[in-house]
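Trainee: If you scroll down you'll find the structure; I have some questions about it.
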Amino acid sequence: MNDDQPHGLALTALDPEYRADPYPRLKHLRETCPVYRDPYFGSVQLTRYDDVRAVLSDRSLWRDPLRADETSLERRQILAELEASGRPRQQSILTSDDPDHGRIRGLLTPVLYRRFSLSREMVAAVVDKHLNALAGLDRFDVVEKIATPIPIEVVAHLLGVDEDRLDEFRTWSEAIVHTFNPARTTDQTAAMEAGFSAAATYLAGLLEDRRRAPREDLISDLAGLQASGAELSDEEIRTNCLTLLIAGNLTTTDVIGNGVRLFLTHPTELAKLKANPDLVNAAVEEILRYEPPVDATARVASHDLEIGGCPIRSREAITPFIRAANRDPAAFAAPDTFDISLKRAPHVAFGGGAHICLGAPLARMEAQAVFSSIFNRFPDLALAEEAADWRPLPFFRGLQRLLVRTA
Ligand code: HEM
């Protein structure tokens, strides 16, 4: 281990230099120590694309952080939180392993994908509604007006949240996002706990309602699965529906916010998109590669193994660093150039293998809908302030505010 290596919190958005521009540090790490045992996190950081891809697609590795050994900070933190709260552990597919992961993911995937495919018009309508509401404004905050409300409302419609509860649902969803904020204030923690509990109670009620009177929504689909004998408990439905909010809202907010800023700071790319609207799908993929919402994901070694010639002990925590892999010159030509017309290798913004993001088709649909219309609606859109206002939230990269002017 090299003590000069930036590590621990210096590799999170809590650090002002990393927050302003994480890429120089990640490049240094990839070039000098691509398999790096981080003493603060107690985890092996992988920054090369090939190593990250190999680990993500290795289905013999574990995801549950509690299977890591005592050196893992994440394990110690989860155990401390469980002890402090006195609550039993509620595990979603995000952090579980087989057989539960395979069972629940296997049941969820077909119903979710069917719902996604039926949601195209709904997504377009939600995006239109929020863009329409901005007509006539000379300035607005993209994060507040577009990037935050759209994903929350889309997931609410998908689940089947009643129209008259949408405002509350929005409040809970925004409070729940503080799950990821280790520096949250007491008020934010209280709001987060209240949000979790209110959303869980509401979802439990919704499940009962839909069991009696099914509608065209995800909760009805899940109730239907149970009725047909699928092994899926009420608690598993609740926990995994809450996971859709936790995993899906802030990430989609960030791809929209980061993307609008990227286009406004790269006029040549914006001109390409305006000239050729068919580039929108490639544009969304390039935003996800160049400025992915999530820094890293996690795995645990289920046996002794070797990565890039370095031995990894069984039960060691491993951190595939998405943000570093997406800028690896061994995989991407001109990795630090935002270019929507280059043909590129697949990025890893959605992770990979057994845990690859379950909401990726929906996130893509939402981002494609936004980037298909926002620059037509506001052809003269420009930054109203030059400096980027990045959120100081570890493991994510997104803007807390993006002020723009329309003329
Ligand atoms: C641009 C937006 C998004 C990004 C960048 C993103 C990224 C990710 C990443 C990196 C993972 C971990 C994958 C791994 O460990 O290999 C993940 C997992 C997951 N995501 Fe997303 N996500 C996004 C949007 C969504 C949405 C909209 C939903 C749902 C509505 C969602 C639901 C999930 C779920 C359920 C998992 C856990 C899957 C599993 O462990 O089996 N995500 N996502």
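Trainee: Answer yes or no as to whether ASP69 is away from the ligand (no atom under 13 Å from the Cβ), surrounded by 12 or more Cβ atoms within 10 Å (Cβ to Cβ) and of a type in the set (Asp, Glu).
Mentor: yes
Trainee: Here's another thing I want to ask about it. Can you report the number of residues in the stretch 222-236 which are buried (at least 20 other Cβ atoms within 10 Å of the Cβ) and more than 13 Å from the ligand (Cβ to nearest atom)? Steps first, answer last, please.
Mentor: Residues of the stretch 222-236 that are buried (at least 20 other Cβ atoms within 10 Å of the Cβ), as a first pass: 222-223, 236.
From what's left, more than 13 Å from the ligand (Cβ to nearest atom): 222-223.
Number of matching residues: 2.
Trainee: For the stretch 90-135, give me each residue that is open to solvent by 80 Å² or more (accessible area, probe 1.4 Å) and more than 16 Å from the ligand (Cβ to nearest atom).
Mentor: GLU121, LYS129, ASN132
Trainee: Could you please find all residues in the stretch 391-402 being in contact with a strand residue (DSSP E or B) (Cβ under 9 Å, 6 or more places away or on another chain) and open to solvent by less than 30 Å² (accessible area, probe 1.4 Å)?
Mentor: LEU393, PHE396, ARG397, GLY398, LEU399, LEU402 - these are the residues of the stretch 391-402 that are in contact with a strand residue (DSSP E or B) (Cβ under 9 Å, 6 or more places away or on another chain) and open to solvent by less than 30 Å² (accessible area, probe 1.4 Å).
Trainee: Next question, about the same structure. State all residues of the stretch 28-52 that are open to solvent by 70 Å² or more (accessible area, probe 1.4 Å), more than 27 Å from ALA183 (Cα to Cα) and among the basic types (Lys, Arg); if no residue qualifies, say none.
Mentor: Selection gives ARG48 alone.
Trainee: Please verify whether ALA296 is within 15 Å of the ligand (Cβ to nearest atom) and assigned to a helix (DSSP H, G or I), treating the condition exactly as stated.
Mentor: Numbers: within 15 Å of the ligand (Cβ to nearest atom): yes; assigned to a helix (DSSP H, G or I): no.
No, not satisfied.
Trainee: Exactly one condition in (1) away from the ligand (no atom under 16 Å from the Cβ); (2) under 20 Å from ASN258 (Cβ atoms); (3) assigned to a helix (DSSP H, G or I) is false for ASP278; which is it?
Mentor: (2)
Trainee: Could you please let me know if ILE287 is farther than 24 Å from TYR18 by Cα and open to solvent by less than 20 Å² (accessible area, probe 1.4 Å)?
Mentor: no
Trainee: Residue check: is VAL55 in a helix (DSSP H, G or I), β-branched (Val, Ile, Thr) and open to solvent by less than 60 Å² (accessible area, probe 1.4 Å)?
Mentor: Numbers: in a helix (DSSP H, G or I): yes; β-branched (Val, Ile, Thr): yes; open to solvent by less than 60 Å² (accessible area, probe 1.4 Å): yes.
Yes; evaluated as a whole, the condition is true for this residue.
Trainee: For GLY353, state whether it is touching a residue at least 12 places away in the same chain (Cβ under 8 Å) and under 22 Å from ARG63 (Cα atoms).
Mentor: Taking the combined requirement at face value, the residue satisfies it.
Trainee: Please find, within the stretch 6-25, the residue that is modelled with the highest pLDDT out of those that are small (Gly, Ala, Ser) and open to solvent by less than 20 Å² (accessible area, probe 1.4 Å).
Mentor: Among residues in the stretch 6-25 that are small (Gly, Ala, Ser) and open to solvent by less than 20 Å² (accessible area, probe 1.4 Å), the one modelled with the highest pLDDT is ALA13.
Trainee: What about LEU159, is it hydrophobic (A, V, I, L, M, F, W, C), at negative phi and within 14 Å of the ligand (Cβ to nearest atom)?
Mentor: Yes; evaluated as a whole, the condition is true for this residue.
Trainee: In the stretch 173-188, how many are farther than 19 Å from ALA13 by Cα and among the small types (Gly, Ala, Ser)?
Mentor: The number of residues fulfilling the criteria is 2.
Trainee: Find the residue count for the stretch 1-47, including only residues that are among the basic types (Lys, Arg) and within 17 Å of ALA317 (Cα to Cα).
Mentor: So the answer is 1.
Trainee: Related question: How many residues does the stretch 355-375 hold that are assigned to a helix (DSSP H, G or I), within 9 Å of the ligand (Cβ to nearest atom), out of contact with any helix residue (DSSP H, G or I) (no Cβ under 6 Å at 6 or more places or on another chain) and among the hydrophobic types (A, V, I, L, M, F, W, C)?
Mentor: Within the stretch 355-375, residues that are assigned to a helix (DSSP H, G or I), within 9 Å of the ligand (Cβ to nearest atom), out of contact with any helix residue (DSSP H, G or I) (no Cβ under 6 Å at 6 or more places or on another chain) and among the hydrophobic types (A, V, I, L, M, F, W, C) number 1.
Trainee: Does the stretch 389-400 contain any residue that is part of a loop (DSSP other than H, G, I, E, B), more than 13 Å from the chain's Cα centre (by Cα), farther than 26 Å from SER119 by Cα and at pLDDT below 95?
Mentor: yes
Trainee: Further question on the same structure: Applying the selection to the stretch 322-348, what residues are within 11 Å of the ligand (Cβ to nearest atom) and open to solvent by 10 Å² or more (accessible area, probe 1.4 Å)?
Mentor: Listed by number, the list holds a single entry, HIS347.
Trainee: Provide a single number: the residues in the stretch 58-89 that are within 21 Å of ASP100 (Cβ to Cβ) and part of a helix (DSSP H, G or I).
Mentor: Residues flagged as within 21 Å of ASP100 (Cβ to Cβ) and part of a helix (DSSP H, G or I) within the stretch 58-89 amount to 9.
Trainee: Going through the stretch 299-321 one residue at a time, which ones are open to solvent by less than 20 Å² (accessible area, probe 1.4 Å) and either of a type in the set (A, V, I, L, M, F, W, C) or assigned to a loop (DSSP other than H, G, I, E, B) (or both)?
Mentor: Within the stretch 299-321, VAL300, ALA301, ILE307, ILE312, GLU316, ALA317, ILE318, PHE321 qualify.
Trainee: May I pose another question? Just one of THR243, THR251, THR179 is in contact with a Pro (Cβ under 6 Å, 6 or more places away or on another chain), among the β-branched types (Val, Ile, Thr) and within 14 Å of the ligand (Cβ to nearest atom); which is it?
Mentor: Details: THR243 fails: in contact with a Pro (Cβ under 6 Å, 6 or more places away or on another chain); THR179 fails: in contact with a Pro (Cβ under 6 Å, 6 or more places away or on another chain).
Unique residue meeting the criteria: THR251.
The values are calculated or read from the model by the stated rules, or taken from the named source; none is laboratory data. What you are looking at is a predicted structure, and each value in this text was computed from that prediction instead of being measured. With ideal geometry, Cβ positions are generated from the backbone for all residues, glycine too; neighbour counts draw on all protein chains shown. Ligands, DNA and RNA are excluded from the accessible area calculation, which covers all protein heavy atoms including side chains. Shrake-Rupley method; radii C 1.70, N 1.55, O 1.52, S 1.80 Å.
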